Amino acid sequence: MAGRINDDDVKAVRDAVPIDAVVSEYLQLRNAGGGNLKGLCPFHDEKSPSFQVSPSKGLFHCFGCQEGGDTIAFVMKIDHLSFSETVERLAARAGITLRYEEGGYNPTHQRGERIRLIEAHKAAAQYYAEQLGGAEAEIGRRFLAERGFDQAAAEHFGVGYSPAGWDHLTRHLRGRGFSDKELILSGLSQDGRRGPIDRFRGRLMWPIRDVGGDVVGFGARRLRDDDNGPKYLNTPETPIYRKSQVLYGIDLAKKDIAKISRAVVVEGYTDVMACHLAGVTTAIATCGTSFGGDHIKILRRLLMDNGSARVIFTFDGDAAGQKAALRAFEDDQKFAAETYIAIAPDGMDPCELRLVKGDDAVRELVEPRTPLFEFALRQIVGRYDLETPAGRAAALDEAAPIVARIKNVASQHEVAVELAGMLGILDTQFVVKRVAQIARWARDRGGAPDGGRPRPGAGPRPPAATAAQGPAQPSFTGPALNLRSPAHRTERELLKLALQYPALVSPAFDAYGADEFTAPPYAAVRRTIAEAGGAAQGVDNAPDYLARVREAAPDDTVRALVTELAVEAVLARAVDEAYAGEQLVQVRLRAVDRRVREVQGSLTRLGAHGDPERLAAVQNELWVLQQYAQSLRNHGAAAL
């Protein structure tokens, strides 16, 4: 077996790849002040950003779910990789050759599973792209040309061709060192009578990339009449490909989606191509499945739930397209963005529209026109006979919960009035009150409006913690942290300074004992800093110092708190020696005052009849402590 990766190489990888560059491939980051960036956490659902990245320290931390760590930890968590796989992936990105301390350089066949599957797909994508220029692929080139795509477009999207033979790709990848087991696991090959054969044969190939830009699968389009397979054949579910968690074109669209807070969801690969070539560079598509919750999570992290964000769905005007739109509306409440639907004239998709009417027509199509909720209302109302009282009542019962979902209260009232007109109900206030009642029931239950009555005894949920209450804390033995406590607040500030600005508190901080911190979690962090060599170690090399402190943590709970304190903003507007001195003095002064009270208790217990020598020693300690406390009050940090 290959040995562990050389520690110096791990450090080189960690230093070479900026954490903000890596994180921004998965979510939108904005300025959070103090040199930090913030975004929506990719590890749990949230509506306001509590995920922070500190580029200068190379760390991230979520104040909601407590996930945190460095660049390596982030990639491990988000891409479900092992430590060695992550280091190898980042090393390849940074152009760093890794050394292994036992067994020399890591043999190719011993590398991590995900890395191997990604490499197999990369090699396959290159192979397919090369084959598109061959004589056999003329039918594929003609297919593209008929839809308005030239060679440059094919190259831009990496479109390729899979030869019609049984095992052309399989033999090619074997020659590149991939095993039959890896080829089957990747979904690029499948079992045949005499061994693995190609899964995709004689088809036009679209590489499907994840948010990070790695090829994780393929979409294959049938070209010949004698091909008895489905029109589109996608990669099966594999360790790196989950069709419910990928969006075609997201690697090309992500920057513009984040930049202009807008995403356009289309139905197919050629639609994505047509939109991008027409200038709609925020277009994406699902891969053989309907748009669902996992897709929403990807978009929300890029849109950052900006109130002005827009998501536009383009669906065919046929019955299947209408059903797809209604399915999308079911997840509408998971967006903070406004959702719209766009249906091209004559039921054309964006690819057809571009061919017939040009790029301007595609750009015009995706300009927001009809809110998704309005489309859903018209579909619902259209199913009922509005000429009868019973039909109008039934339509209202189904449509009112839709209106109650509208996020903006003013818009909700306005649409309720429109609904009354659609139904032909003259008493508009009746409809408005009905919608408001359903919305109120939903808020009280903490659920989505469904037209039902509230559960017995159901009441409003308790309010969520506010920023003033501070971020949630990891569990420790001992009393809970109370950030309203002046002592705990000051201890937290001092530890943040020791981790983020060690030069401001050194060398005084390193003389502080863990017992000077009253909160057990903070005492644990103080001990961890001491184990790493003290704050003085961070004066010259802050990133390396933080890495050592995190490594010195006794468990994941303490490590998470170290990361949190290293990322959390210091409360002062001006972080300088004066502010650092105040925190040092306050923590020390409270520790001295606590000791004074303990000594006074000892003195009381000794009483007038105690051992004179012991009594004198206690009185002397009390006098020294009181003088020290007074000096701290009078002279501040100069007395430390």
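Before we move on, is residue 547 within 34 Å of the chain's Cα centre (by Cα), of a type in the set (A, V, I, L, M, F, W, C) and in a helix (DSSP H, G or I)? Steps first, answer last, please.
Details: within 34 Å of the chain's Cα centre (by Cα): yes; of a type in the set (A, V, I, L, M, F, W, C): yes; in a helix (DSSP H, G or I): yes.
Yes; evaluated as a whole, the condition is true for this residue.
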For segment 37-76, enumerate the residues that are over 20 Å from residue 294 (Cβ atoms) and of a type in the set (Lys, Arg). 38, 57
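Count, please, the residues in segment 167-207 that happen to be outside any strand (DSSP E or B) and among the β-branched types (Val, Ile, Thr).
As a first pass, look at segment 167-207 and keep what is outside any strand (DSSP E or B): 167-188, 193-194, 199-202.
From the residues that got through so far, the ones that are among the β-branched types (Val, Ile, Thr) too are 170, 184.
Going through segment 167-207 one residue at a time, the tally reaches 2.
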Select from segment 167-212 the residues that are surrounded by fewer than 17 Cβ atoms within 10 Å (Cβ to Cβ) and in contact (Cβ under 8 Å) with a residue 60 or more places away in the chain and list them in ascending order. 177, 179
Kindly establish whether residue 84 is of a type in the set (Gly, Ala, Ser) and assigned to a loop (DSSP other than H, G, I, E, B). no
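For residue 242, are the conditions met, namely being surrounded by 20 or more Cβ atoms within 10 Å (Cβ to Cβ) and charged (D, E, K, R)? Talk me through it step by step, then tell me what you get.
On the way: surrounded by 20 or more Cβ atoms within 10 Å (Cβ to Cβ): no; charged (D, E, K, R): yes.
Criteria not met by residue 242.
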Extreme residue, nearest to the chain's Cα centre (by Cα), among residues of segment 150-166 that are among the aromatic types (Phe, Trp, Tyr) and not in a loop (DSSP other than H, G, I, E, B): 157
For segment 344-357, give me each residue that is surrounded by fewer than 21 Cβ atoms within 10 Å (Cβ to Cβ) and free of Cβ contacts under 8 Å to residues at least 40 places away in the same chain. 345, 346, 347, 348, 352, 356, 357
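Is it the case that residue 536 is out of contact with any Lys or Arg (no Cβ under 6 Å at 6 or more places or on another chain), outside the structural domain of residue 52 (by TED's automatic domain parsing) and assigned to a loop (DSSP other than H, G, I, E, B)?
On the way: out of contact with any Lys or Arg (no Cβ under 6 Å at 6 or more places or on another chain): yes; outside the structural domain of residue 52 (by TED's automatic domain parsing): yes; assigned to a loop (DSSP other than H, G, I, E, B): no.
When the stated conditions are applied, residue 536 does not pass them.
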Criterion violated by residue 612 - all others in (1) within 26 Å of residue 19 (Cβ to Cβ); (2) surrounded by fewer than 12 Cβ atoms within 10 Å (Cβ to Cβ); (3) not basic (Lys, Arg) satisfied: (1)
Kindly establish whether residue 256 is crowded, with 22+ Cβ neighbours inside 10 Å, over 16 Å from residue 209 (Cα atoms) and charged (D, E, K, R). no
Given the residues 564, 568, 516, which is the only one that is in the same structural domain as residue 632 (by TED's automatic domain parsing), under 30 Å from residue 621 (Cα atoms) and crowded, with 18+ Cβ neighbours inside 10 Å? 516
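The values are calculated or read from the model by the stated rules, or taken from the named source; none is laboratory data. Everything numeric in this text was worked out from a predicted model, so none of it was measured. Note: ideal-geometry Cβ built from the backbone for every residue, glycine included; neighbour counts use all protein chains shown.
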